[in-house]
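Engineer: Sharing a structure with you now.
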Amino acid sequence: MLWTCLVKFIPRQKVSTVKSSHPWLNPRCREAIGRKNRAEGTAGFQSASDACSKVLLEERGKYVETLKAKLARLPRGSKRWWRINRELLHRKANISAIPPLRDGTNWILDAKTKADTFAKAFASTNQLPAEVIDTPFMGAPDFEMLSFIPLRTRSTRKFFKKLNDATATGNDQISASILKRLVDELATPFTLVCRRLLLEGCWPDVWKVHLIVPIYKKLSAFNVNNYRGVHLTSVLSKVAERVIGAQLVAFLQANVYGENQWAFRTGVGCKDLVTMLLMSWILGICTGYKIGAYLGDISAAFDRVFKYYLLAKLHSAGVGSTYLNFLEAYLAPRQGKVVVGGAASEPFTLENQVFQGTVLGPPLWNSFFADVAVPARATDGQ
């Protein structure tokens, strides 16, 4: 009903844009490039090529000076300040559009084939090794969280009002700005829906569709393996996760994360961790100790989580049956569709993961990963 009313009463317009990875390419640059291309194979090609390079360097220099002037006017350390700073330092890690992709000896040019190629690559990352199928015994919990889980309309209204207007929409195309304007009409019925989802242990199929946008990481832009997928989910589903999971996330942070987890945690972050480490290292060096550090990375971390292993960990930590039944439905397989240039791939299955682009994904990952420090603590770091 909400979507029908939006289509009926709110004007819609489809706009197509072509982005450029080189924003300084103006008509003068294009004219110089055209002269160079037309001179290819003639005696004047070298002079045309040199003239083209000179024009490109001049226009890029003008663009850099414009960026520096913008940077000087911005608050130091703001988001836009860092974005322009990265661009000036040639550290821009993304490209504006997906270039032709290479598949063996073939080049992929059309958007639909690109999307299908990305879908095949992304689907291969969430395959679990065969040896993790058996779930180890976790034991009964020492205590359980309270079975009474109140979901209040006033909290729902607060979550709606805190929505960011710039948040990308998911498959339902309902924007955050519209939801914020309808908060007084939506808060009460949406709270009732969230209560039913929690108590009946279900998650709507319409919220199980993820739109995945490829974002370039590094190395060759023609290789699909050098991209990561950014998941876009429904804004309504994110509000439902916040409403339903508020008490669960607070319980996990207090009882499951452990003292060594600093990521995706309220009140602390990477700056706090770096500060603590530096102070502890200085103290250790001053007291005659040597400092050793291990730095590691987990490939496709969110995309490889054995669902029943995670549920067993949560049960052992004291999460009650109401939340466990809900999470079993929430973590059920979903569908993903890669979108490139307005074209969508064939849907593929997303399973055995804590789902990127969601609110509960990071807290569930922290809970799944919390016991990684147990061996180090058991041996006192030896």
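Engineer: Towards the positive end of the charge dipole of the chain, with charges on Cβ (+1 Lys, Arg; -1 Asp, Glu), say which of GLY61, PRO347, LEU182 has the farthest Cα.
Structural biologist: GLY61
Engineer: What's the magnitude of the charge dipole for the chain around its Cα centre, counting Lys and Arg as +1 and Asp and Glu as -1 at the beta-carbon? Answer in Debye, nearest 20.
Structural biologist: On the way: 51 positive and 30 negative charges, 423 e Å.
Dipole about the Cα centre, nearest 20: 2020 debye.
Engineer: Right, next: Give the aspartates and glutamates reachable from LYS68 as a straight Cα distance under 16 Å; neighbours fewer than 8 places away on the same chain don't count.
Structural biologist: The reachable aspartates and glutamates, counting only those whose Cα sits under 16 Å from LYS68, are GLU58, GLU59, GLU87.
Engineer: A further question follows. On a 0 to 90° scale, report how tilted helix 270-286 is relative to the longest principal axis of the chain, with both axes built from alpha carbons and the result rounded to the nearest 10.
Structural biologist: 80
Engineer: Another question, if that's okay. Given the options HIS231, HIS22, HIS210, state which has the largest fluctuation in a GNM of the chain using a 10 Å cut-off (strictly under) for Cα springs.
Structural biologist: Top of the fluctuation ranking is HIS22.
Engineer: For the ranges 324-333, 364-373, what's the packing order if you count other beta-carbon atoms within 10 Å of each residue, average per peptide, and put the highest first?
Structural biologist: Descending mean neighbour count gives 364-373, 324-333.
Engineer: Pull out the extension gain between ARG76 and ALA168, defined as 0.36 nm times the separation in residues minus the alpha carbon to alpha carbon distance; nm, one decimal.
Structural biologist: Additional length available on full extension: 30.5 nm.
Engineer: Here is a follow-up. Set the Förster radius R0 to 30 Å, insert the Cβ-Cβ distance between ALA329 and ASN223 as r into 1/(1 + (r/R0)^6), and round the FRET efficiency to 0.05.
Structural biologist: The formula returns an efficiency of 0.20 here.
Engineer: From the square roots a ≥ b ≥ c of the eigenvalues of the alpha-carbon gyration tensor of the chain, which class results: rounded (a/c under 1.5), prolate (a/b over b/c), or oblate?
Structural biologist: Note, shape of the chain comes out prolate.
Engineer: Accessible surface of LEU182 in the full protein assembly, 1.4 angstrom probe, to the nearest 10 Å²?
Structural biologist: 50
Engineer: Can I ask one more? In sequence order, what are the phi-derived ³J(HN,Hα) couplings for the range 167-184 according to the Karplus relation 6.51 cos²θ - 1.76 cosθ + 1.60 with θ = phi - 60°, rounded to whole Hz, with x for glycine and proline?
Structural biologist: 4, 5, 7, x, 5, 7, 6, 8, 7, 5, 5, 5, 5, 5, 6, 9, 4, 5
Engineer: Which pairs, out of LYS70/LYS217; LYS8/LYS180; LYS208/LYS238; LYS14/LYS217; LYS70/LYS271; LYS208/LYS337, put more than 21 Å between their alpha-carbon atoms?
Structural biologist: Values: LYS70/LYS217 26 Å; LYS8/LYS180 19 Å; LYS208/LYS238 12 Å; LYS14/LYS217 29 Å; LYS70/LYS271 27 Å; LYS208/LYS337 11 Å.
Beyond 21 Å: LYS70/LYS217; LYS14/LYS217; LYS70/LYS271.
Engineer: Arranged from highest to lowest average of other beta-carbon atoms within 10 Å per residue, in what order do the peptides 79-89, 273-283 appear?
Structural biologist: On the way: 79-89: 13.2, 273-283: 11.5.
The packing order, highest mean first, is 79-89, 273-283.
Engineer: Would you mind classifying the range 291-361 by shape? Square roots of the alpha carbon gyration tensor eigenvalues, ordered a ≥ b ≥ c; an a/c under 1.5 is rounded, otherwise it is prolate if a/b is larger than b/c and oblate if not.
Structural biologist: Taking the square roots of the gyration eigenvalues as a ≥ b ≥ c, the range 291-361 is oblate.
Engineer: Using a 10 angstrom cutoff on alpha carbons, build the Gaussian network for the chain and name the most mobile of VAL249, VAL183, VAL338.
Structural biologist: Top of the fluctuation ranking is VAL183.
Engineer: A follow-up question, please. Could you rank PHE355, PHE302, PHE143, PHE9 by how accessible they are, 1.4 Å probe, largest area first? Numbers along the way, then the final one.
Structural biologist: On the way: PHE355 0, PHE302 40, PHE143 105, PHE9 145 Å².
Largest to smallest exposure gives the sequence PHE9, PHE143, PHE302, PHE355.
Engineer: Output ³J(HN,Hα) for the range 34-50: one whole-Hz value per residue in order, computed from phi by the Karplus curve 6.51 cos²θ - 1.76 cosθ + 1.60 with θ = phi - 60°, and x for Gly and Pro.
Structural biologist: x, 4, 5, 5, 5, 8, 4, x, 10, 5, x, 5, 5, 5, 5, 5, 5
Engineer: Sticking with this structure for a sec: Given the DSSP H assignment, sum -39500 (n - 2.57) over each helix run of at least 4 residues in the chain and divide by its residue total; what's the result at 222 nm in deg cm²/dmol, nearest 500?
Structural biologist: Theoretical 222 nm ellipticity from helices: -14500 deg cm²/dmol.
Engineer: In this model, which of LYS290/LYS313; LYS120/LYS307; LYS79/LYS218 are farther than 24 Å apart at the alpha-carbon?
Structural biologist: Listed pairs above 24 Å: LYS290/LYS313.
Engineer: What shape does the range 259-382 have by the C-alpha gyration tensor, where a ≥ b ≥ c are the square roots of the eigenvalues, rounded means a/c under 1.5, and otherwise prolate means a/b greater than b/c and oblate the rest?
Structural biologist: Cα axes put the range 259-382 in the prolate bin.
Engineer: State, to one decimal in nm, how far the label point of ALA140 lies from the label point of ALA293, with both points 7 Å from Cα in the Cβ direction.
Structural biologist: For the pair ALA140/ALA293, the computed spacing is 4.5 nm.
Engineer: Ok, one more. Which residue fluctuates the most in the chain, going by a Gaussian network model with Cα springs under 10 Å, if the choices are SER147, SER316, SER345?
Structural biologist: It is SER147.
Engineer: Assign unit charges at the C-beta atoms only (+1 for Lys and Arg, -1 for Asp and Glu), then state the dipole size of the range 234-357 relative to its Cα centre in Debye, rounded to the nearest 20.
Structural biologist: Taking the Cα centre of the range 234-357 as origin, the dipole is about 100 debye.
Engineer: Can you tell me the 0 to 90 degree angle between the C-alpha axis of helix 321-330 and the longest principal axis of the chain, rounded to 10?
Structural biologist: 30
Engineer: Cα centroid distance between the range 221-247 and the range 25-56, in Å?
Structural biologist: Their Cα centres are 44 Å away from one another.
The values are calculated or read from the model by the stated rules, or taken from the named source; none is laboratory data. All figures in this text were calculated on a predicted structure; none of them were measured in a lab. Quick reminder, even Gly has a Cβ in these numbers, built from the backbone with ideal geometry, and neighbours come from all protein chains shown. SASA here: full protein model, heavy atoms, side chains in, ligands and nucleic acids out. Shrake-Rupley method; radii C 1.70, N 1.55, O 1.52, S 1.80 Å.
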